[in-house]
Amino acid sequence: MNTPARQRRARPSNSNTFWSRWKVRFLDIGIILATALVCLFLFSLSTRLGYSRPEIKEAPIIVRTQVLNACGRPGLGRAVADMVGELAVGRMRFDVVDIGNFERTDVRRSFVINHHLSDEQTRSIVNALKIGPLDITEAEPAYNDLGFDLTIVLGSNTTEVSPVVPAEHP
């Protein structure tokens with residue numbers, strides 16, 4: 001009896017099988033790496049979008065201030081100095097360094113002596129002070145031996161001093 005010969009299935013050659021397996025593995029590795037890179041990119045993007053930079057706050061300008069009583073009213077210089085110490089004008093804060101009496105006690109109109117500030121800064125300070133009308137004068141360099149930025153001389157036209165609500169620091 002003759003049995004029909006079984007047909008053999010053609011086996012792929014070993015070299016073809018080897019490369020086809022490695023091609024699939026390289027493709028799998030490439031997909032995994034690409035997926036990892038996309039995930040890394042998305043993570044980086046999400047943290048960058050969620051990050052908010054802190055606001056950079058500008059440092060305050062400290063104005064060294066002298067308050068002089070020139071009208072003879074007792075306690076007026078201290079009251080104005082306390083008010084000025086709590087005052088804030090824009091970025092300017094006041095450090096009252098000296099409180100005292102002016103060389104005369106018969107000054108009628110209050111004035112401000114500007115030692116180092118710009119005209120704009122001095123005008124904004126004068127507008128913020130609620131002690132009555134003030135004149136602005138520029139100081140002579142020899143007059144400022146203690147390093148003041150501003151001197152407030154209180155005349156008899158100084159109105160009653162009311163306490164200032166402290167400015168909120170941003």
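Going by how many other beta carbons lie within 10 Å of each one, how would you line up Arg104, Arg93, fewest first?
If I rank by nearby Cβ atoms, fewest first, I get Arg104, Arg93.
So for Ile131, Ile31, fewest C-beta neighbours within 10 Å to most, what's the order? Walk me through the numbers before you get to the answer.
Values: Ile131 21, Ile31 10.
Least crowded to most crowded, the residues run Ile31, Ile131.
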Revision key, fill the gap. Given backbone amide H placed at 1.01 Å from N, residues whose amide H is under 5 Å from that of Ala88, ignoring those fewer than 5 places away on the same chain, are Ala167
Check your understanding: Charges only on Cβ, +1 for Lys and Arg, -1 for Asp and Glu: so what's the dipole of the range 61-154 about the Cα centre, in debye to the nearest 20?
Key -> 380
Review point. Among Phe148, Phe41, Phe111, which comes first, second and so on when ranked by fewest other beta-carbon atoms within 10 Å?
Key: Phe41, Phe111, Phe148
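Give me the number: length gained by fully extending Asp28 to Thr105, i.e. 0.36 nm times residue separation minus the C-alpha to C-alpha distance, one decimal in nm. Working shown, then result.
Working: separation 77, 0.36 × 77 = 27.72 nm, distance 9.46 nm.
So the extension gain works out to 18.3 nm.
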Study note, to complete from the structure: For the range 58-70, in residue order, the Karplus 3J(HN,Hα) values (coefficients 6.51, -1.76, 1.60; θ = phi - 60°; whole Hz; Gly and Pro = x) are 6, 5, x, 8, 8, 9, 6, 10, 10, 10, 10, 8, 10
Point to revise | Distant-in-sequence amide H partners of Asn101 (H built 1.01 Å from N, under 5 Å) | key: Asn69
Revision key, fill the gap. Interchain or sequence-distant (5+) residues whose placed amide H lies within less than 5 Å of the amide H of Val63 are Arg93, Phe94, Asp95
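Read-outs: derived from the displayed coordinates by stated rules, not from any lab. Here the structure is a predicted model, which is why all the values come from computation and not from measurement. Neighbour counts are summed over all protein chains in view; Cβ atoms, including those assigned to glycine, are modelled from backbone coordinates with ideal geometry.
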